[in-house]
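S.K.: So that we are looking at the same thing, I have put the structure below in structure tokens.
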Amino acid sequence: MAESVPPPPPTKSGGSFIAVALLMLVAAGGLIYWKMSSGEEEAPKPPPPAPVAQAPAPQIEVAIPPPPPVDAGTDAEAKVATKTPVKGGGGGGACAGECKGSVTPALSSALGGRAASARRCYERMLRTDSTLSGSVTAQVRVGPQGQVCGVSISKDFGGVGASCVAPALRAGNLPPPNGGCVDVAVPVTFKPSG
């Protein structure tokens, strides 16, 4: 009898090995994806800091010295101007045409006070030019009810008349003059204090 040869053991094909390897790769890829997407979530970025309001620059308070002693031009004494009417007497009506009224003491005093109030503006201008000094002459037309119809500057230096004196004289009503509207010359002299 012939010897019988046992059948060869069944050979394993590489197919099952490949299937296991693929399964492991898919599992590893899934774990990596899961870790990346759900792991430590990226902390949200903090909102940008609110803009910090800058503290205003420190301001040095300078005590404004009293005006220098009054000289002929500094007291801003109002005088009736007979030759120089105000240009553009914009009040119309009672302010139009030639004015023949007269200045009252109350009107003169009020104009002087307003002209003196321009000193504060002049002091601010001195901060940029410490040599600024001179005289300003403003022509003011005052209506019969005390309304300021117009202001023109006939003499100026460094823009002080236009920047300081004219706005001070235009502010609000004044005491009414006698006999209708009046043209008043207001001379003011500015000199640095000290």
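The values are calculated or read from the model by the stated rules, or taken from the named source; none is laboratory data. Nothing here was measured: the structure is a model prediction, and the numbers come from that model. All Cβ positions, glycine included, derive from the backbone under ideal geometry; neighbour counts span all protein chains shown.
S.K.: Can you name the residue in the range 120-146 that is surrounded by 18 or more Cβ atoms within 10 Å (Cβ to Cβ), closer than 27 Å to residue 181 by Cα and of a type outside the set (Val, Ile, Thr) and, of all such residues, is nearest to the chain's Cα centre (by Cα)?
M.R.: 138
S.K.: Something else now. Please specify each residue of the range 162-194 satisfying the condition of being in a helix (DSSP H, G or I) and either in contact (Cβ under 8 Å) with a residue 24 or more places away in the chain or polar (S, T, N, Q) (or both).
M.R.: Residues satisfying the conditions are 163, 164, 165, 166, 167, 168, 169.
S.K.: Please verify whether the range 91-114 includes one or more residues that are β-branched (Val, Ile, Thr) and modelled with pLDDT of 50 or more.
M.R.: yes
S.K.: List, please: which pairs have Cβ atoms under 6 Å, are six or more places apart or on different chains, and start with a residue in the range 121-138 that is part of a strand (DSSP E or B) and end with one that is of a type in the set (S, T, N, Q)?
M.R.: 135/189; 137/154
S.K.: Any residue at all in the range 150-161 that is modelled with pLDDT of 85 or more, within 34 Å of the chain's Cα centre (by Cα) and part of a helix (DSSP H, G or I)?
M.R.: yes
S.K.: Taking into account only those residues within the range 169-185 that are buried (at least 23 other Cβ atoms within 10 Å of the Cβ) and under 13 Å from residue 138 (Cα atoms), which is nearest to the chain's Cα centre (by Cα)?
M.R.: Checking each candidate, the answer is 169.
S.K.: In the range 107-120, how many are touching a helix residue (DSSP H, G or I) at 6+ places or on another chain (Cβ under 7 Å), within 15 Å of residue 191 (Cβ to Cβ) and either in a helix (DSSP H, G or I) or among the hydroxyl-bearing types (Ser, Thr, Tyr) (or both)?
M.R.: 1
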